[in-house]
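Laboratory data are not the source of any read-out in this text; all were calculated from the coordinates shown. Here the structure is a predicted model, which means the values were calculated and not measured. Counting neighbours? That spans all protein chains shown, and the Cβs are built from the backbone with ideal geometry, glycine included.
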Amino acid sequence: MTGSGLGRRRVADGEPRRFWIGCLLTFLLGVSSGCYVYAPAARTPAAGSRLLLELNDQGRVALGDSIGPTGQEVEGTMTSDSDSAYSLKVVRVGYLNGQSNQWNGEQLTIARNLVNRAMERRFSSSRTWLTVSAITVATVLFIASRGLLGFGSEGRTGGGGEPGQQ
């Protein structure tokens, strides 16, 4: 039965385009995170800096009621400058078992003596160039392997005809 259309799904006009846009946005989200690195923070990070604070044992005990008893690291945006504490809008808390919880910018103040190590998120130009280069090479290889530019071999002729005439 040709042309019966059984088992075929009709695709809406904009559906494939939305699919590829979604794929592109997901890909770009992953690539953009590769452009940053965590490095040791300055003694007093500027307000607005993105910090990752690794808690010591005292910090886990002291902040147990706020973030949970097995909290290992707190990630957030620095809101105010102080020599004695980090004041953050928390975006994520990581736990000893490897799991993490997303937060919605709740304010949390953590005394400096409760922090084992403070790391600051910074833009990495070398990682960015590496990512851009990898994407460019992958795109060129994909296009070349599929012959998408239309550069075919001109000397090739199709088969056919009687044996001995090919």
task: Among Thr77, Thr70, rank each residue by its count of other Cβ atoms within 10 Å, from fewest to most, as a rough exposure measure.
output: Thr70, Thr77
field: Estimated dipole of region 37-123 in Debye, rounded to 20 [Cβ of Lys and Arg +1, of Asp and Glu -1, Cα centre]
entry: 240
- request: List the residues whose amide H sits under 5 Å from the amide H of Leu55, counting only those 5 or more places along or on another chain, with H placed 1.01 Å from N in the peptide plane.
  value: Glu73, Val74, Asn116
- request: Count charges around Glu75 for me, please; just the other residues with Cβ under 15 Å from its Cβ, Lys/Arg as +1, Asp/Glu as -1.
  value: +2
query: Where does region 62-102 land on Rg/Rh, using Cα atoms and the Kirkwood Rh?
result: 1.00
query: Using the Cα atoms of region 39-121 to build a convex hull, what is its mean projected area in square nanometres?
result: 4.7
- line: Taking Lys and Arg as +1 and Asp and Glu as -1, residues besides Tyr95 with C-beta under 14 Å from its C-beta add up to -1
